1. Based on DSSP loop calls and a cut-off of at most 10 other Cβ atoms within 10 Å, the longest stretch of the chain free of exposed trypsin sites (Lys or Arg not before Pro) is what?
2. Based on DSSP loop calls and a cut-off of at most 12 other Cβ atoms within 10 Å, the longest stretch of the chain free of exposed GluC sites (Glu not before Pro) is what?
3. Among Leu239, Thr153, Gly124, pick out the residue whose Cα is farthest towards the positive end of the charge dipole of the chain, where Lys and Arg carry +1 and Asp and Glu carry -1 on C-beta, about the Cα centre.
4. With r defined as the distance between the Cβ atoms of Glu127 and Glu176 and R0 fixed at 35 Å, what FRET efficiency is calculated, to the nearest 0.05?
5. Classify the stretch 175-242 from the C-alpha gyration tensor, please: rounded if a/c falls under 1.5, else prolate or oblate depending on whether a/b exceeds b/c.
6. With a cut-off of 8 Å between alpha carbons and a minimum separation of six or more residues, what is the relative contact order of the stretch 4-268 in percent?
7. With every protein chain left in place, what is the accessible area per residue of the chain in square angstrom, probe 1.4 Å?
8. For the chain, what does -39500 (n - 2.57) per DSSP helix run (n ≥ 4), summed and divided by total residues, give at 222 nm, in deg cm²/dmol to the nearest 500?
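The values are calculated or read from the model by the stated rules, or taken from the named source; none is laboratory data. Since the model is a prediction, treat every value here as computed from it, not as a measurement. Neighbour counts are summed over all protein chains in view; Cβ atoms, including those assigned to glycine, are modelled from backbone coordinates with ideal geometry. Surface accessibility is based on the protein's heavy atoms, side chains included, excluding ligands, DNA and RNA. Shrake-Rupley method; radii C 1.70, N 1.55, O 1.52, S 1.80 Å.
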Amino acid sequence: MTNLRENFERDGFAVIENVFNDEEIEEMKKSISKIVDDMDLAEHPKSVFSTYDEDKHAADSYFLNSSDKIRFFFEEGAVDKDGELTVPKDKALNKIGHGLHFLDPTFQKMTFNSKIQKIFEEIGYVEPEVVQSMYIFKQPKIGGAVTDHVDSTFLRVEPIDHLTGVWIAIDEASVENGCLSFIPGSHKDTSSADYRFVRTHDTTGGPLLKFIGTRPTYDHVKFKHVPISKGSLILIHGLVVHKSEANTSDKSRHAYTIHVMERKNTKWNEDNWLQETESYKFPNLYKS
């Protein structure tokens, strides 16, 4: 991890090679396969996840109340107009979130891992708290694109730069299967920070979630593809602009991600869609 902090502060992201070995990666794959196998479709709405259609999250309490649960979100191309799956369920999912890091023993072990802890020590986090986790499938042929965004749009902390993502490649992530792309250094520009995805706190039956502010536009010439090998990870600043293209290849692009905030001298915004509950508080990365 030579020059990790320097590179991270300069670019807003940093690749760390070979963090997890083949056995650890296989353990995560087996764990997620069991979670999918055990999932009863009748107990879960066919909630489609899309970062392009902003209205798809609106009034979606299934998504809103998932901070302390394991919930399932489907690819748009895997659900027909009648809400039926067009492919087997293990090929239909976009992601599973958002409490894998403490509800599943395997993902708990991989999250509160000495290797992850050392990374956050290296970048200077004093009281890191894991606020969410996701397993992202990026299915072959139908894995949807993730439009350009910054994570602080969805998870707002004050100060705004006290949020970091960890993106672990469960499969090799290549240009062909939709690896991440970044605008290096874009985390230093906070001019579009007013754009946010928030709770409405509506109690009258209206939308529970909405986007506020002006959606920013970015120069796509500036994006840099960042392919990485299986078992490697990308550290992602909460303000760096990133995206991924659709997976049109025959290869999956699975990834496990977490988001961590620096709790010290930091406020978690009460309008964030993701919130602690009476029985669940964000766990400290160093102590759990």
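1. Formally, the longest exposed-site-free interval is 82-280.
2. Values: sites that count: Glu17, Glu84, Glu270, Glu278.
Here the longest run is 85-269.
3. Gly124
4. Efficiency for this residue pair is about 0.30.
5. Prolate.
6. 30
7. Numbers: 12990 Å² over 288 residues.
Here the residues of the chain average 45 Å² of exposed surface.
8. One gets -5000 deg cm²/dmol as the mean residue ellipticity at 222 nm.
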